[in-house]
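Worksheet: one structure, shown below.
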Amino acid sequence: KPNDWDLDFLTFLPLAKQNERGELEGQLARSWEHSPDHREYTFHLRTGQRWNDGVPVTAHDVKFTLDLLGHPEVAEYPGIEATVVDDSTVRIRAANPGYMADITYFPRHLLEGLDPRRFWQWEFWTHPVGNGPYRFVRYVPQTLMEFEANPDYFGTKPRIERVILKFVGEAGITELLAGNVDIAEANLTQIARVTRDPRFRLYVHGSPAGRGIYWKTDHPLFSNTRVRLALTLAVDRWELLRLLNLPVELPITDGVFTHRQFRREEWPEPLPYDPERARALLDAAGWVDRDGDGVREKDGRPFRFTATVWQGNGIPELAVYVQAFLRQVGVHMEIQPVEAALSWDKLKTGDFEALFMVVQVYPRALQRDFGRGNRTGYHNPEVFAVIDSLLATANPEEVDRLYRRLSEIYRADMPLTRLIPWSREWFVHRRVRGLSTPFRASPDTYMEELWVEDAK
């Protein structure tokens with residue numbers, strides 16, 4: 001697939017889509033109901049919808065897609081069971097129904113004979129037949145794909161009539177600055193290069209995930225809660241946003257929260273930047289700079305450690321800034337960059353002192369990182385019980401309550417320090433309107449709601 005995200009919401013529909021309040025709004029489905037345990041949903045599809053080739057969209061397409069995405073050779077969304085009730089009704093049972101807003105559906109009649117082992121190489125992805133706001137026009141290999149507004153789209157006709165996806169690899173920002181494209185996805189290291197150009201606005205799509213530091217809580221340096229709290233208080237995370245040229249609308253927070261809580265702005269309050277309190281906590285924990293070399297010691301051991309740093313996604317830059325903040329409170333941190341795959345290995349095995357990487361917050365990740373049998377060294381029986389309860393329920397209200405409780409404990413224990421949100425960054429020409437930070441910043445997801453205001 002040229003770009004999974006670019007195609008999905010341009011040309012295909014999910015059953016429902018989250019609005020800015022975290023509430024589901026019907027797309028392929030007109031209505032639905034759920035079982036008392038919230039694990040089984042019955043969706044009633046909009047009637048009269050057709051694929052771009054004129055074939056009716058049915059519940060069989062939904063079941064086919066879910067079976068395909070759960071196939072061992074694809075394994076995008078395993079463990080979802082779908083049953084066709086009739087052509088316009090499908091019953092879906094899943095351990096995590098939150099996936100329903102992420103999955104778009106494909107035409108069974110065009111794909112059912114293809115080999116799942118070659119899923120990512122199917123020609124269909126470069127000549128898609130969908131039912132979304134845009135329909136495929138043409139594909140120029142290694143160059144572009146073109147789409148036009150779909151006249152049969154169930155919703156309001158898109159105000160932008162034609163969309164061209166150019167395949168430029170890492171040269172997206174160069175193409176943007178040259179005036180060859182209106183929108184380019186950026187990464188944190190490219191923002192400073194473009195942010196001063198008045199032609200463009202930066203939009204950042206935030207998420208409940210984050211970029212942060214896992215502390216090996218059974219390590220002698222980090223086993224004291226006061227020390228972990230001090231290290232968090234020592235870092236000015238709002239300054240990190242400014243140093244990386246990121247919008248101040250992005251939430252700085254301490255704790256964990258769901259996508260629904262994120263869209264409702266119900267994220268936990270952050271601890272403040274307070275280097276004086278950080279120094280007092282380190283003093284109280286017995287870490288004092290007795291020889292005046294700028295590094296604290298305790299029992300003859302200097303407070304020096306090596307941080308393993310995911311190499312990419314702006315995380316090495318964050319580590320350099322954190323290194324400077326910690327130095328100001330008498331803590332010396334060395335930086336050891338590693339590839340992403342090795343970062344995951346170290347998180348899963350506990351082979352680190354401190355680990356800079358993505359902080360995932362979905363239930364299975366919480367179980368891996370802080371639940372029973374975790375390798376980060378964290379031990380809190382109440383957290384184990386809360387995570388067990390989280391894995392046992394799909395009721396959104398109960399899930400939100402359990403996440404709030406986890407946040408309260410995390411803020412007291414500080415097994416990790418959240419730095420800035422995990423995000424996706426876009427530079428967009430000022431004439432393109434309709435986006436906002438941090439909820440509606442992805443143009444590929446909201447293209448049908450955007451418009452162009454040409455300069456007069």
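Cβ-Cβ distances below 8 Å connect the following pairs, each with a first residue in the range 311-331 that is part of a helix (DSSP H, G or I), a second residue that is among the acidic types (Asp, Glu), and a separation of six or more residues or different chains: Tyr321/Glu239; Phe325/Asp236. For the range 395-417, filtered to residues that are in contact (Cβ under 8 Å) with a residue 40 or more places away in the chain and in contact with a Leu (Cβ under 8 Å, 6 or more places away or on another chain), the residue that is most open to solvent (accessible area, probe 1.4 Å) is Arg411. For Ile252, the criteria (1) at pLDDT below 95; (2) touching a Pro at 6+ places or on another chain (Cβ under 6 Å); (3) of a type in the set (A, V, I, L, M) hold in every case but one, which is (1).
Take the residues in the range 258-301 that are among the hydrophobic types (A, V, I, L, M, F, W, C) and modelled with pLDDT under 95, then tell me which one is most open to solvent (accessible area, probe 1.4 Å). Per the criteria, the residue is Trp267. The set of residues in the range 134-162 that are more than 15 Å from Tyr446 (Cβ to Cβ) and in contact with a helix residue (DSSP H, G or I) (Cβ under 6 Å, 6 or more places away or on another chain) contains only Tyr139.
Sub-6 Å Cβ pairs linking a first residue in the range 212-237 that is in contact (Cβ under 8 Å) with a residue 24 or more places away in the chain to a second residue that is part of a loop (DSSP other than H, G, I, E, B) and β-branched (Val, Ile, Thr), at least 6 apart or interchain, are Tyr214/Thr376; Ala234/Val329; Arg237/Ile252, ordered by first then second residue. The single condition among (1) surrounded by 15 or more Cβ atoms within 10 Å (Cβ to Cβ); (2) more than 22 Å from Arg430 (Cα to Cα); (3) of a type in the set (Asp, Glu) that Glu185 does not satisfy is (2). There is at least one residue in the range 214-221 that is more than 23 Å from the chain's Cα centre (by Cα), of a type in the set (Lys, Arg), open to solvent by 20 Å² or more (accessible area, probe 1.4 Å) and under 21 Å from Gly350 (Cβ atoms).
Looking at the range 230-237, is at least one residue within 19 Å of Arg327 (Cβ to Cβ) and under 21 Å from the mean Cα position of the chain (by Cα)?
Of all residues in the range 230-237, those within 19 Å of Arg327 (Cβ to Cβ) come to 230-237.
Of the ones still in play, those that are also under 21 Å from the mean Cα position of the chain (by Cα) are 237.
Yes.
Residues that are in contact with an Asp or Glu (Cβ under 7 Å, 6 or more places away or on another chain) number at least 2 in the following helices (runs of 4 or more DSSP H) confined to the range 342-425: 396-413.
When Ile80 is tested against (1) more than 20 Å from Glu448 (Cβ to Cβ); (2) crowded, with 18+ Cβ neighbours inside 10 Å; (3) modelled with pLDDT of 95 or more; (4) not basic (Lys, Arg), just one condition goes unmet, and that condition is (3). The set of residues in the range 89-137 that are modelled with pLDDT of 95 or more, β-branched (Val, Ile, Thr) and open to solvent by 10 Å² or more (accessible area, probe 1.4 Å) comprises Thr89, Val129, Val137. Within the range 354-365, residues that are open to solvent by less than 30 Å² (accessible area, probe 1.4 Å) have Cβ atoms under 6 Å from residues that are of a type in the set (Val, Ile, Thr) in these pairs: Ala354/Ile213; Leu355/Thr308; Phe356/Ile213; Phe356/Val309; Phe356/Ile315; Val361/Val256, counting only partners at least 6 apart in sequence or on another chain. If the condition is being charged (D, E, K, R), under 18 Å from Ile315 (Cβ atoms) and buried (at least 19 other Cβ atoms within 10 Å of the Cβ), then the range 237-256 contributes only Arg237.
Out of all the residues in the range 126-145, which are assigned to a strand (DSSP E or B), more than 27 Å from the chain's Cα centre (by Cα) and farther than 18 Å from Lys157 by Cβ? Passing the criteria: Arg138, Tyr139, Val140.
Residues in the range 222-236 that are touching a helix residue (DSSP H, G or I) at 6+ places or on another chain (Cβ under 7 Å), open to solvent by less than 30 Å² (accessible area, probe 1.4 Å) and of a type outside the set (A, V, I, L, M, F, W, C): Asp236 alone. Can you list residue pairs whose Cβ atoms sit under 7 Å apart, with the first residue in the range 125-139 being of a type in the set (Ser, Thr, Tyr) and the second being part of a loop (DSSP other than H, G, I, E, B)? Count only pairs 6 or more apart in sequence or on different chains. The qualifying pairs are Thr126/Pro2; Tyr134/Asn150; Tyr134/Pro158; Tyr139/His127. Taking residues in the range 276-297 that are within 15 Å of His332 (Cα to Cα), and partners anywhere that are open to solvent by 50 Å² or more (accessible area, probe 1.4 Å) and in a helix (DSSP H, G or I), the pairs with Cβ atoms closer than 8 Å and at least 6 places apart or on different chains are Leu282/Arg226; Gly294/Arg327.
Of the residues Glu185, Glu148, Glu170, the single one that is assigned to a helix (DSSP H, G or I) and at negative phi is Glu170.
Could you please find all residues in the range 25-75 being aliphatic (A, V, I, L, M), at negative phi and either surrounded by fewer than 17 Cβ atoms within 10 Å (Cβ to Cβ) or free of Cβ contacts under 8 Å to residues at least 40 places away in the same chain (or both)? Selection gives Ala29, Val55, Ala59, Leu66, Leu69, Val74.
The values are calculated or read from the model by the stated rules, or taken from the named source; none is laboratory data. Since the model is a prediction, treat every value here as computed from it, not as a measurement. Every residue, glycine as well, gets a Cβ built from its backbone with ideal geometry; the counts of neighbours run over all protein chains shown. All accessible areas refer to the heavy atoms of the entire protein, side chains included, with ligands and DNA or RNA removed. Shrake-Rupley method; radii C 1.70, N 1.55, O 1.52, S 1.80 Å.
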